Amino acid sequence: MSTITLSLPKEPTPASRTLSLISSVYGQYVPDFVVSPNADSLSLTSPSEPTISNQLYPIASKVLTLAGKVTEMMGKDDEQKKEVESWLKRIESGEFDKEESLKVSPEQPLLE
């Protein structure tokens, strides 16, 4: 089998921390999955596919697909997947770096 490598940058970012968590939970289901924590940038490398670089959602989606856990993590329908993609893009943009951005208004349910 070919090794699939998730490279995480030396300096943590919101995206790399998120992928670290996803890989800790779901990487165990991917044969020959390796995490390289001291890379120059964020990427997912596989011998059979092009490298995905510096993009949280595509990398997370690929790891979950390889693990056979897309539905478990991202939902069953396209609307749920779009919602997860939106959250991952917000994480990637650094929107949740500040404590204030993590607060939920009383009118906004945590889960729908």
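The values are calculated or read from the model by the stated rules, or taken from the named source; none is laboratory data. Values in this document were obtained by computation on a predicted structure and should not be read as measured data. Quick reminder, even Gly has a Cβ in these numbers, built from the backbone with ideal geometry, and neighbours come from all protein chains shown. Accessible surface is based on the protein model in full, side chains and every heavy atom, while ligands, DNA and RNA are left aside. Shrake-Rupley method; radii C 1.70, N 1.55, O 1.52, S 1.80 Å.
Quick notes on this one:
- Verdict on residue 11 being assigned to a loop (DSSP other than H, G, I, E, B) and among the acidic types (Asp, Glu): yes
- Selection count where residues are touching a residue at least 24 places away in the same chain (Cβ under 8 Å) and open to solvent by 50 Å² or more (accessible area, probe 1.4 Å), scope region 42-53: 3
- Looking only at region 46-100, residues that are of a type in the set (Lys, Arg) and touching a Leu at 6+ places or on another chain (Cβ under 8 Å) come to 2 in all.
- Residues within region 13-33 that are hydroxyl-bearing (Ser, Thr, Tyr), touching a residue at least 40 places away in the same chain (Cβ under 8 Å) and in contact with a strand residue (DSSP E or B) (Cβ under 6 Å, 6 or more places away or on another chain), tallied: 1
- Residue count for region 1-12, restricted to those that are over 23 Å from residue 68 (Cβ atoms) and open to solvent by less than 50 Å² (accessible area, probe 1.4 Å): 1.
- Within region 21-31, one or more residues are open to solvent by less than 60 Å² (accessible area, probe 1.4 Å), outside any helix (DSSP H, G or I) and closer than 20 Å to residue 71 by Cα.
- Taking first residues from region 54-71 that are of a type in the set (Phe, Trp, Tyr) and partners that are surrounded by fewer than 20 Cβ atoms within 10 Å (Cβ to Cβ), the Cβ contacts under 6 Å between residues at least 6 apart in sequence or on separate chains come to 57/85.
- Residue selected from region 67-78 under the condition within 16 Å of the chain's Cα centre (by Cα) and not aliphatic (A, V, I, L, M), by the criterion least open to solvent (accessible area, probe 1.4 Å): 75
- Being among the hydrophobic types (A, V, I, L, M, F, W, C), assigned to a strand (DSSP E or B) and surrounded by 12 or more Cβ atoms within 10 Å (Cβ to Cβ) is a property that does not hold for residue 64.
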